[in-house]
1. Quick one: what are the phi-derived ³J(HN,Hα) couplings along region 128-142, Karplus 6.51/-1.76/1.60 with θ = phi - 60°, whole Hz, x for glycine and proline?
2. List the Cys residues of the chain that have no partner Cys with a C-beta closer than 4.7 Å.
3. Given a 1.4 angstrom probe, what's the average accessible area per residue across the chain, in square angstrom?
4. Please find the FRET efficiency linking residue 113 to residue 143, where r is the Cβ-Cβ separation and R0 is fixed at 25 Å, and quote it to the nearest 0.05.
5. Kindly provide the helix-only [θ] at 222 nm of the chain, computed as the sum of -39,500 (n - 2.57) over DSSP H runs of four or more divided by all residues, to the nearest 500 deg cm²/dmol?
6. Please turn the phi angles of region 56-66 into ³J(HN,Hα) values with the Karplus equation 6.51 cos²θ - 1.76 cosθ + 1.60 (θ = phi - 60°), one per residue in order, whole Hz, x for glycine and proline.
7. Sort the following peptides by mean Cβ neighbour count (other Cβ atoms within 10 Å, averaged over residues), highest first: 24-34, 81-91.
8. What's the carbon and sulfur percent of the chain's accessible surface, probe 1.4 angstrom, rounded to a whole number?
Amino acid sequence: FIGFCHLIPGTREMLEALSERYPLLLLSNFTHPSAAQNILDNLGLRDCFEVVLISGEIGYRKPHASVFRLLVTKLGVAPAELLYIGDDPEPDIDGACKAGLQPVWTTYVRDRRLPLAPGMAVAQHDNPQCPAPRISSWADLLRLLALQPGDEPSLP
């Protein structure tokens, strides 16, 4: 499975730029924590996140409210102060919204009709039920965050 894991172009640069301004946390629905950790290591992303939460360690999966509460607790902010970026409408966007977080729906893979890795869930709702800004690139995210010119990393 690890061989099917590829970064969206500009991911590392985007995470490095954002980590200078914001604490970054990762919430994954992986059942096997060691597999998720291996993917982070192989992609060179582990050091980009202050906290990594994996469902297989927590005992609950998104969209369960407890995983989002744990994310908020780890960050130490009010839910409404946390921007949550996800690609799966129901567990990510609707789950974050119901937990009081500010969701952002990333549709990079969907918009480009990229194939999912074998074993990945393919059934997704067409759109989230909760209204959320939609981004199709990391440049869209940086514009959404209104980073000042010169703050943006060079993204493909």
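1. Result, ordered by residue: x, 6, 7, x, 8, x, 10, 10, 10, 7, 5, 4, 4, 5, 4 Hz.
2. 5, 48
3. Per-residue accessible area for the chain comes out at 57 Å².
4. 0.60
5. Details: 7 runs with 50 residues, N = 156.
Value at 222 nm, helices only: -8000 deg cm²/dmol.
6. Calculated HN-Hα couplings, in order: x, 8, 6, x, 9, 10, 4, x, 3, 4, 5 Hz.
7. Order by mean packing, descending: 81-91, 24-34.
8. 53 percent
The values are calculated or read from the model by the stated rules, or taken from the named source; none is laboratory data. All figures in this text were calculated on a predicted structure; none of them were measured in a lab. Because the Cβ atoms are built from the backbone with ideal geometry, glycine has one as well, and the counts that use them run over all protein chains shown. These accessible areas exclude ligands, DNA and RNA; they are computed on the full protein's heavy atoms, side chains included. Shrake-Rupley method; radii C 1.70, N 1.55, O 1.52, S 1.80 Å.
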